[in-house]
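The values are calculated or read from the model by the stated rules, or taken from the named source; none is laboratory data. The structure displayed is predicted, hence computed values, not measured ones. As a convention, Cβ positions derive from the backbone with ideal geometry for all residues, glycine included, and neighbour counts pool all protein chains shown. What goes into the accessible areas is simple: the full protein's heavy atoms, side chains included, and nothing from ligands, DNA or RNA. Shrake-Rupley method; radii C 1.70, N 1.55, O 1.52, S 1.80 Å.
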Amino acid sequence: QVQLVESGGGLVQAGGSLRLSCAASGRTFSSYDMGWFRQPPGKEREFVAAITRIGGNTYYADSVKGRFTISRDNAKNTVYLQMNSLKPEDTAVFYCAARTSNSGSIYRGYDYWGQGTQVTVSS
C-alpha cells in the first residue's frame, strides 16, 4: 500500500509556470513507475506524463511535450511535474499515480492515486 499526496496547484496566468509535487509514503517508492494524469472540467481523466522506476525514462502526452517535465527524487519519495508555458486548456485537476506492475503499457494500469490538486490557468 502506498499513499500519495499532491501539492503545488493553484491559479496562474497563461504563459506562467507551476511545479506540482507528489509525496509518497512507504519505503518502496523506487519500485514504482510514477505518472501524472489530469481531468479537465466535464471531461475524462487523461494521461499527462510518466517516469519509469528504472532508468527514469519519461513519457508525455503530445499536448504537453516541450512544456511539461516529469522528474523523481527517490531519496525524497517524491515525483514532480514542472509545467511551463501554461495554457487555459491545461486547467484541470491533476492526479499523481503509482504503478506496481513492470509489464504492459506505462500509460495505464496504475494502482494507487492521490486526491488531486487543482490547476487553473486564466487567459
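The table for this structure:
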item	result
Residue within the range 80-91 that is in a strand (DSSP E or B) and surrounded by 22 or more Cβ atoms within 10 Å (Cβ to Cβ) present	yes
Selected residue (criterion: nearest to Arg108 (Cα to Cα)) from residues of the range 55-64 that are touching a strand residue (DSSP E or B) at 6+ places or on another chain (Cβ under 9 Å) and open to solvent by 70 Å² or more (accessible area, probe 1.4 Å)	Tyr59
Subset of the range 92-108 (residues that are open to solvent by 50 Å² or more (accessible area, probe 1.4 Å), closer than 14 Å to Glu46 by Cα and touching a Lys or Arg at 6+ places or on another chain (Cβ under 9 Å))	Arg108
First in the range 94-105 and assigned to a loop (DSSP other than H, G, I, E, B), second anywhere and of a type outside the set (Ser, Thr, Tyr), Cβ under 8 Å, 6 or more apart	Thr100/Asp111; Ser101/Gly109; Ser101/Asp111; Asn102/Asp33; Asn102/Arg53
Failed condition for Arg27, given (1) at pLDDT 95 or above; (2) open to solvent by 50 Å² or more (accessible area, probe 1.4 Å); (3) basic (Lys, Arg)	(1)
Given (1) farther than 27 Å from Ser123 by Cα; (2) surrounded by 16 or more Cβ atoms within 10 Å (Cβ to Cβ), index of the condition Arg38 fails	(1)
Some residue of the range 47-54 being without any contact (Cβ under 8 Å) to a residue 40 or more places away in the chain and aromatic (Phe, Trp, Tyr)	no
Sole residue being part of a loop (DSSP other than H, G, I, E, B), within 30 Å of Ser122 (Cα to Cα) and more than 16 Å from the chain's Cα centre (by Cα), chosen from Gly55, Gly66, Gly26, Gly15	Gly15
Residue under evaluation Ala49, criteria (1) in a loop (DSSP other than H, G, I, E, B); (2) modelled with pLDDT of 95 or more; (3) closer than 17 Å to Gly109 by Cα, criterion not met	(1)
